[in-house]
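The values are calculated or read from the model by the stated rules, or taken from the named source; none is laboratory data. Computed from a prediction, not measured in an experiment: that's the story for all the values here. Cβ placement follows ideal geometry from the backbone for every residue including glycine, while neighbour counts extend to all protein chains displayed.
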Amino acid sequence: MIRLENVTTTFGKGRDQFTAVKDVTLDIQAGSIHGIIGFSGAGKSTLLRNINLLQRPTSGQVFVDGVELTGLSEGELRKQRHEIGMIFQHFNLLNNRTAQQNVELNLKFAGVPKKQRRERALEALSIVDLADKASAYPGQLSGGQKQRISIARALVTEPKVLLCDEPTSAVDPRTTTSVLQYLSDINASLGITTVIVTHEMNVIKAIADKVSVMEDAAVVEEFALSSLQEPGFEPKTPIGRYLISDEITLNRQPKQARDLAANVTRV
Amino acid sequence: MNFTSVVLATSNGSAAAFSLDRIVELAPEIWVAMAQTFAMLLVSIPIAILLGTPLGIWLYSMSPNGLRPRPRVHKIVDGLVNTIRSFPFLILLIAIIPFTRFVVGTTIGTAAVIVPLTINAIPYFARFVEQNISQLGNGVVEAAQAMGATRGQIIREVLLVEAKPALLSSITIMTVSFISYSAMAGLVGGGGIGDFAIRYGYYRYETGVMLLAIVLMILLVHAVQFFGTRLSRAADKR
């Protein structure tokens, strides 16, 4: 469904130049949930934005459902974007529009006639169980509810792909579970190809079929989540191993003693 | 028939009577002055909104982080806006006299003041629009772009909608500032309540009359601020 070929994205010029995505080639199966994980600054959000060309790659090609987006004119690209939904860490809803108006806006951009918009918006809102909040403003909703509204907004045009940029990073753990449950249900019932960027391995473990691990702008490894069940499986890279362990382990030894110990080992 | 009079001391030691008789006598002139002030505001402010909004949107769009960056053109227009904004109003009033004559056919009277007021108000409001829009942040713009919105749709359906409360506040601030600017209209015989205060209070030492005119201006400013704040608050759904 999604294919990136040798995608590289750089920002700035000359001495300030910085590469956010370096020569990434990626294949994402139709109907699957694909995770992209890495630490802050690894380039995962830029890579996600490369898929719908919100960030145009400096070089390389992007294909979505067989269409080469990187070869399209601006107008054709806009049309293709109606097939690619996107949700964001901070929801990016319009504060001065109601939930329903927010959802309808996507239909308006997609050129859906006014008469059908209301019905379809309410339908999308009921998928995320928020039809009763149709006339609420985002300011009156919780973080989880806002993210669900934004999911409804993304789904209302019936896209083939759903891009999720840190969808659970601004909500609490219980809401995280709920948001992921909705994403998983939607993937199962609508068969929508989902790409999810996160820095939390728990999110990946809960929802993804496959994961790409990013480090320093490159995808350093990729594995299917099912292989975690296989005995003896271990990610190839240190960062992959670190991420699947995903436990917060602190050194409870006093700092002075640690520094001392570090010095001793260094010697 | 001098039924009330309060004596006020003025700086030169003489006394100015605040008498109702004098007020009654000047009432027709006060009404005319108020009407002139309203005329100045009701023409210049709407035109400034009508022309300043697209100019402000344009400034935002062409800026390096805008929807359609054109850094060079942006720099030129940005400089032009700054230039007009840096003229003290009194000087602008005189500097553009030929232009004023070209537009309204005269260089004196209320109509002649409306031209420089409007010229001053357009870039003034454009700056407000530019700032209000750029303060919205990139999130909503990015969301709209991801939804396949055109630039026009992003401006109409997203930016102007989200900036509306701030824009209403800006219109309020602009109106209050221009009530003050309109007081300089007297220089070209433009009239208005501010000019009235200057003519009677300052030139003729009729402190009482001046105070009344100032009270009227205070009431006007308060009314504008009151309604502006309410409108802005009603539009703000955050």
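A few points about this structure:
- Wholly enclosed helices (runs of 4 or more DSSP H) of the stretch B:92-199 bearing at least 1 residues closer than 24 Å to B:ALA234 by Cα, away from every other protein chain (no Cβ under 14 Å) and of a type in the set (Asp, Glu): B:110-134
- So B:SER232, is it outside any loop (DSSP other than H, G, I, E, B) and within 14 Å of chain A (Cβ to nearest Cβ): yes
- Meets criteria (of a type outside the set (Phe, Trp, Tyr), under 16 Å from A:THR194 (Cα atoms), buried (at least 22 other Cβ atoms within 10 Å of the Cβ) and away from chain B (no Cβ under 13 Å)) for A:GLY35: yes
- Residues located in the stretch A:38-83, provided they are farther than 20 Å from A:ILE192 by Cα, of a type in the set (D, E, K, R) and within 10 Å of another protein chain (Cβ to nearest Cβ): A:GLU74
- Residue in the stretch A:212-220 that is crowded, with 16+ Cβ neighbours inside 10 Å, at pLDDT 90 or above and at positive phi present: yes
- The residue that is surrounded by the most Cβ atoms within 10 Å (Cβ to Cβ), among those in the stretch A:84-119 that are within 14 Å of chain B (Cβ to nearest Cβ) and over 26 Å from B:LYS164 (Cα atoms), is A:GLY85.
- One residue stands out in the stretch A:218-260 among those that are assigned to a loop (DSSP other than H, G, I, E, B) and of a type in the set (A, V, I, L, M): the one that is farthest from the chain's Cα centre (by Cα), namely A:LEU250.
- Search result, residues across the stretch A:221-267 that are aliphatic (A, V, I, L, M) and at pLDDT below 80: A:LEU243, A:ILE244, A:ILE248, A:LEU250, A:ALA257, A:LEU260, A:ALA261, A:ALA262, A:VAL264, A:VAL267
- Test: residue in the stretch B:152-164 that is on the phi < 0 side of the Ramachandran plot, polar (S, T, N, Q), surrounded by fewer than 21 Cβ atoms within 10 Å (Cβ to Cβ) and free of Cβ contacts under 8 Å to residues at least 24 places away in the same chain: yes
- Conditions (1) away from chain A (no Cβ under 14 Å); (2) within 30 Å of A:ALA152 (Cα to Cα); number of the one not met by B:GLU206: (2)
- The sole residue among B:VAL103, B:VAL81, B:VAL129 that is among the hydrophobic types (A, V, I, L, M, F, W, C) and without any contact (Cβ under 8 Å) to a residue 24 or more places away in the chain is B:VAL103.
- Exclusive hit being in contact (Cβ under 8 Å) with a residue 60 or more places away in the chain, of a type in the set (A, V, I, L, M, F, W, C) and either buried (at least 18 other Cβ atoms within 10 Å of the Cβ) or on the phi < 0 side of the Ramachandran plot (or both), set A:ILE186, A:ILE151: A:ILE151
- Every listed requirement among (1) free of Cβ contacts under 8 Å to residues at least 40 places away in the same chain; (2) of a type in the set (D, E, K, R); (3) farther than 24 Å from A:ILE207 by Cβ is met by A:ASP23 save one, (1).
- Residue among A:ALA136, A:ALA188, A:ALA152, A:ALA170 that is assigned to a loop (DSSP other than H, G, I, E, B), out of contact with any Ser or Thr (no Cβ under 7 Å at 6 or more places or on another chain) and more than 24 Å from A:PHE63 (Cβ to Cβ): A:ALA170
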